[in-house]
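Where a number appears in this text, it was derived from the coordinates with a stated rule and is not lab data. As the structure is a prediction and not an experimental result, all values here were calculated from the model. Cβ: placed from backbone, ideal geometry, glycine included. Neighbour counts: every protein chain shown.
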Amino acid sequence: MNSVRCWFLFLLAGLILFFIMAAHMATFHLSHFFGIHEPLSYDSVMARSQQALFLIFYLIGLSAAVYHGLYGFRRILMELSLGRSLEKLVTAGLCVAGSVMVLVGMAATVMAFLQ
Amino acid sequence: MKIKVKVSRFDPDKSPERYFSEYELEVSEGMTVLDGLIWLKENADPTISFRYSCRMGVCGSCAMMINSYPHLACHTQILEITKSVLVLEPLCNHANVRDLICDFSAFFEKHRTIKPHLLREDAEKLDLTGEISQTPQELESYLQFSYCIKCGICVAACPTCATDKEYLGPQALAQAYRYTQDSRDAGGDKRIEAAAEGHGIHHCHYAGACSEACPKGVDPAFAIQLFRKQMVLRSLGLKETRPPAGEMPPMTLNPKPNIPKPPEPTIK
Ligand code: SF4
Ligand code: FES
């Protein structure tokens, strides 16, 4: 049943990303409609990062993107029929890589929020 | 009408290479590919090897690539496919052992892993000559998927089977759903475990090529989607597992006089 739950989580992460990416694109490409003309400038990024809503938005988005991406990447690697032991090694490697990415990303997001 | 038939030839005892033999065939209205092959074997080249048995789309033995698409040879009329060149090759994604013949042992091994039979705790205690009740609706929920004749065509059409040799394949997965959905069965969890682990159901890419090619209208891609839904609901505890349907009570009707008694059951 574990693999079914992991797969379901992969779908759920995809669904979350759909909305988060839409919001992300709107922030960066439609921001002039809201009177923000340079969404990528240091001041704009910091102003956004210090809002609680954006903190939650980035934390969820980061976790969903890393999980969805690495799960999909793992599935592609599995299709190479690597053999059971190498498959376990790949899964463990990707889990470690994913955890590191999420931790580093979370640390950066929280630090920007607290500045 | 005369057409050219190109038959893929392979004899590993003589050469590791596959090659084509070409024949001319007089085709008439309604002639199937299998009819054509039998005519060629009897009149042109007795060494062509191919499998068949029922000649009416029931046994699943005569599946092959016909002009690059998997079909049953007995179920495909030549003139519906071509009026000039007919190319016959062994099924893709199965090991070719001779001319148009493939080895199905890996296919049946995968079929076996999903436990394609009713699983229930009380199997030992059941009266083998008795009946287990099932409503028409319960039968309807898996009937379509039980029409599978194990011809291997869906596996030949599947792009995932082409790239991932360990993938369970549409046939086995559709049958896993067929038995799990059967109201007489109680082995859903075991089957889900077998179908979800390793190179199982999550490797399906939703291509749908299996359903398009299946000659019996089984629609394995649909079964895979339904099975996925059932797996998720069960893993989240949103679907109650039901006990398997029980045995019918023995008939209590008083038979009319002068009706002969039925013979004794042959299975004790
Ligand atoms: S699902 Fe269809 S194509 Fe696949 S083995 Fe069964 S009958 Fe053949
Ligand atoms: S010979 Fe039986 S299915 Fe074609």
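Worth a mention:
- The angle between the Cα long axis of helix A:52-78 and the main principal axis of chain A comes to about 30°, on a 0 to 90 degree scale.
- Gaussian network model of chain B, Cα within-10 Å springs - most flexible of B:219, B:45, B:99: B:45
- Per-residue mean of foreign Cβ neighbours for A:4-11 is 5 (Cβ atoms of other chains, 10 Å radius).
- With the simple model of a label 7 Å out from the Cα in the direction of the Cβ, residue B:138 to residue B:97 spans 3.9 nm.
- Over chain A, Cα pairs under 8 Å with separation of 6+ residues give a relative contact order of 35 percent.
- Legend note: in chain B, cysteines whose Cβ sits 4.7 Å or more from every other cysteine Cβ are B:62, B:74, B:92, B:102, B:148, B:151, B:204, B:214.
- FRET efficiency estimate (nearest 0.05) - Cβ-Cβ, residue A:25 to residue B:242, R0 35 angstrom: 0.15
- Ranked by the mean number of other Cβ atoms within 10 Å of their residues, highest first, the peptides B:107-120, B:65-78 fall in the order B:65-78, B:107-120.
- Listed by chain and number, the lysines placed with their C-alpha closer than 27 angstrom to that of residue B:4 are B:14, B:41, B:83; residues fewer than eight positions away on the same chain are left out.
- Cβ neighbours within 10 Å from other chains - mean over B:161-167: 3
- Once both labels are positioned 7 Å from their Cα atoms along Cα-to-Cβ, the gap between residue B:197 and residue B:42 label points is 5.1 nm.
- In chain A, taking the dipole from charged Cβ atoms about the Cα centre, the farthest positive-side position among A:45, A:61, A:15 is held by A:15.
- Legend: mean number of C-beta atoms from other chains within 10 angstrom of residue C-beta atoms, peptide B:231-238, equals 4.
- Using a Förster distance of 45 Å, the FRET efficiency for residue B:84-residue B:112 (Cβ separation, nearest 0.05): 0.60
- Residue among B:48, B:132, B:192 with the largest mean-square fluctuation in a Gaussian network model of chain B, springs linking Cα atoms under 10 Å: B:132
- Across the options B:118, B:200, B:157, the greatest Cα extent toward the positive end of the charge dipole of segment B:105-235 (unit charges at beta carbon of Lys, Arg, Asp, Glu) belongs to B:157.
- Average Cα contact separation per residue, chain B, under 8 Å, 6 or more apart, as relative contact order %: 17 percent
- Net length gained if the chain between residue B:163 and residue B:1 were fully extended (0.36 nm per residue, minus Cα distance): 54.4 nm
- Charged-residue dipole, Cβ positions (Lys, Arg, Asp, Glu), chain A about Cα centre, Debye nearest 20: 420 debye
- Sites residue B:125 and residue A:99 - FRET efficiency at Förster radius 56 Å, r taken between beta-carbons, to 0.05: 0.65
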